[in-house]
1. Below 8 Å, C-alpha to C-alpha, sequence gap of six or more: please give me the relative contact order for region 33-200 in percent.
2. Tally Lys and Arg at +1 and Asp and Glu at -1 over the other residues with C-beta under 9 Å from the C-beta of R79: what net charge comes out?
3. In whole Hz and in residue order, list the ³J(HN,Hα) couplings for region 172-181 that follow from phi through the Karplus curve 6.51 cos²θ - 1.76 cosθ + 1.60, θ = phi - 60°; x for Gly and Pro.
4. Give me, ordered by chain and number, the residues 5 or more places off G30 or on other chains with an amide H under 5 Å from its own placed amide H.
5. Using all Cα-Cα distances in region 39-80, what percent lands in each 5 angstrom bin from 0 up to the longest?
6. Exposure proxy check: E162, E73 ranked by fewest other beta carbons within 10 Å?
7. Could you derive backbone 3J(HN,Hα) for region 95-100 from the dihedral phi with the Karplus parameters 6.51, -1.76 and 1.60 (θ = phi - 60°), listing whole Hz in sequence and x where the residue is Gly or Pro?
8. Arrange the following residues from fewest to most other Cβ atoms within 10 Å of their Cβ: K103, K75.
Amino acid sequence: MEEKTMVQHIRTSFFIMFCTVIFSVSVNAGQIDDVSLPDAVTLEGTSVPLQLNGMGYRTKFIFNIYVGALYTESKVNSRDAVQALTGPKRIVMHMVYDEVSHKKMASAWNDGFEDNNTDEQLEKLQSRLKVFISYFPDLKEGNVILLDYIPAAGTRVTIDGEERGVIEGADFYTALVDVWLGEEPADEDLKDAMLGLDDDE
């Protein structure tokens with residue numbers, strides 16, 4: 001009788017372990033098709049763990065251009081809530097389109113900043129935006145861009161593991177976030193996805 005009970009206990013334990021592994025796989029990473037991102041990161045130079053707030057495709061016409069993702073220190077579901085967080089943040093762009101030229105990226109950045117800032121704000125940002133744009137080469141499928149806000153430093157741009165530079169000022173990252181989450185976002189569906197709103201449906 002004791003042996004039978006022990007066997008049942010072992011089977012139950014293995015079942016629990018199996019379920020735990022399966023559950024961990026499903027919650028420890030966000031995935032869209034072939035693009036997988038960790039559910040939590042801690043940015044170099046900071047000590048605050050960030051969690052994946054949401055991710056989705058940036059599409060243009062019928063084409064998927066990149067997977068965009070937002071990491072924050074706590075789960076938020078609005079633009080204002082994201083901007084209210086003063087700690088580190090991360091935006092990920094994982095390219096899935098064949099190629100996006102530097103010229104097209106420059107145009108997209110300029111449009112995103114112009115659409116979501118007043119003329120006065122844009123004037124303050126313009127010189128830094130020009131430097132920011134200069135960090136981007138022609139982008140190809142598989143390139144990964146990390147746009148990190150480091151409170152003590154500014155906006156750190158990393159492409160495929162290589163740091164390209166840092167843009168000073170919290171106001172710059174605020175404007176950068178609004179490219180995706182502002183009143184005139186690059187992609188409404190991606191905005192909802194990065195805010196985790198599609199998960200609530």
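All of the numbers you see were taken from the coordinates with simple rules; none came from a lab. Keep in mind it's a predicted model, so treat the numbers as computed, not measured. Positions of Cβ are generated from backbone atoms using ideal geometry, with glycine treated the same way; all protein chains shown enter the neighbour counts.
1. Result for region 33-200 is 25 percent.
2. With Lys, Arg at +1 and Asp, Glu at -1, the neighbours total -2.
3. 5, 5, 4, 5, 5, 4, 5, 4, 9, 10
4. Residues meeting the criterion, in which the H sits 1.01 Å from N, are L37, D39.
5. Binned Cα distances yield the sequence 6, 21, 21, 17, 17, 11, 5, 2.
6. Working: E162 8, E73 16.
With the fewest neighbours first, E162, E73 line up as E162, E73.
7. 5, 10, 8, 3, 7, 10
8. Details: K103 9, K75 12.
Lowest count first: K103, K75.
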